[in-house]
Amino acid sequence: MADIEKNTKGETATLEKEEASIPLHVGIMMDGNRRWAKKQGLKIILGHKKGVDALEKTLRFLGKKGVKTLTVYAFSTENWKRGKEQVDDLLKVISEYLTKEADNLIKNNVVLRVIGDLAKFPKEIQENLNDVMKKTKDNTGIILNAALNYGGRDEIIRAVKKLVSSGEEIDEANLNSCLDTSGLPDPEIIIRTGGANRISNFLIWQSSYSEFFFTKTLWPDFGENEMEDILEEFSRRKRNFGA
């Protein structure tokens, strides 16, 4: 009986360790859709659509793992500088995703949340986003936090303006409450696919103590095996937060 109790305690300790190593919040810069399409000899928009497939697989995988929030860099404030055709392609993919996947998000218990300034998007996209967010707000599964017309500097400027107008003291806690990510934990992991080793204005306030992972894999080719490797590496890293 003593051996059984010992084994049970050991198994419990192992489970607790595994659970502790799973991040609550993962951020991903989904880079490489255009290069993937060019490599395949396909139109750029097909690379973005393939990237949506990779997003859906990653979202399901992380949800099963126990991750609570996935923030993805879907459209940056800098993306408007691209050619009109490329911008239109991105907007089309976003619109199609909202139209086709809304029911799946609801069915799969996913909460859709958005960070960024949506005012610049077409009215139809704004309405669709608000509709899907409203329909999924009471879900209890993983949060898909889509960064749309988002830039870290822009977010901080908007937060400071909001804080100043409120008349509250400017300190870390109050500024945090004015950020787009208010109510969410900071990401423990930031991943960038596609080979670049920079954060490109993504969650620059929130990622001050994140663990960074850079991979040369183009986003459409990113899959569960590589995500699993990153989670395993994360579990081995010692996070001392500057102490």
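Computed quantities for the displayed model
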| item | result |
| --- | --- |
| Some residue of segment 17-29 being at negative phi, assigned to a helix (DSSP H, G or I) and modelled with pLDDT of 95 or more | no |
| Test set (1) surrounded by fewer than 17 Cβ atoms within 10 Å (Cβ to Cβ); (2) part of a loop (DSSP other than H, G, I, E, B); (3) in contact with a strand residue (DSSP E or B) (Cβ under 8 Å, 6 or more places away or on another chain) - Phe212 fails condition number | (2) |
| Residue in segment 89-96 that is in a helix (DSSP H, G or I) and within 16 Å of the chain's Cα centre (by Cα) present | yes |
| Filtered residue count, segment 215-229, keeping only those that are touching a strand residue (DSSP E or B) at 6+ places or on another chain (Cβ under 8 Å) and surrounded by fewer than 18 Cβ atoms within 10 Å (Cβ to Cβ) | 0 |
| Residues of segment 165-178 that turn out to be in a helix (DSSP H, G or I) and surrounded by fewer than 19 Cβ atoms within 10 Å (Cβ to Cβ), as a count | 8 |
| Scan of segment 184-235 for residues that are polar (S, T, N, Q) and out of contact with any helix residue (DSSP H, G or I) (no Cβ under 9 Å at 6 or more places or on another chain), ordered by number | Asn197, Ser208, Ser210, Asn225 |
| For Gly116: the one exception among (1) surrounded by fewer than 19 Cβ atoms within 10 Å (Cβ to Cβ); (2) over 19 Å from Leu59 (Cα atoms); (3) at pLDDT 95 or above | (1) |
| Selection status of Leu59, surrounded by 13 or more Cβ atoms within 10 Å (Cβ to Cβ), farther than 26 Å from Arg153 by Cα and either touching a helix residue (DSSP H, G or I) at 6+ places or on another chain (Cβ under 8 Å) or in contact (Cβ under 8 Å) with a residue 24 or more places away in the chain (or both) | yes |
| Residue match in segment 106-118 (condition: in a loop (DSSP other than H, G, I, E, B), within 20 Å of Ala159 (Cβ to Cβ) and under 17 Å from the mean Cα position of the chain (by Cα)) | yes |
| Options Lys107, Lys64: the member that is closer than 21 Å to Pro185 by Cα, surrounded by fewer than 17 Cβ atoms within 10 Å (Cβ to Cβ), free of Cβ contacts under 8 Å to residues at least 12 places away in the same chain and of a type in the set (Lys, Arg) | Lys64 |
| Condition broken by Ser235, with the remaining ones in (1) in contact (Cβ under 8 Å) with a residue 40 or more places away in the chain; (2) over 16 Å from the mean Cα position of the chain (by Cα); (3) in a loop (DSSP other than H, G, I, E, B) satisfied | (3) |
| Test: residue in segment 132-144 that is assigned to a strand (DSSP E or B) and touching a residue at least 24 places away in the same chain (Cβ under 8 Å) | yes |
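The rows are residues; the columns are (1) surrounded by 20 or more Cβ atoms within 10 Å (Cβ to Cβ); (2) part of a helix (DSSP H, G or I).
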| site | (1), (2) |
| --- | --- |
| Asp154 | no, yes |
| Lys161 | no, yes |
| Asp180 | yes, no |
| Pro187 | yes, no |
| Gly195 | no, no |
| Trp205 | no, no |
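The values are calculated or read from the model by the stated rules, or taken from the named source; none is laboratory data. Please read all numbers here as calculations on a predicted model, not as lab measurements. Here the Cβ is made from the backbone with ideal geometry for all residues, glycine too, and neighbour counts use every protein chain on show.
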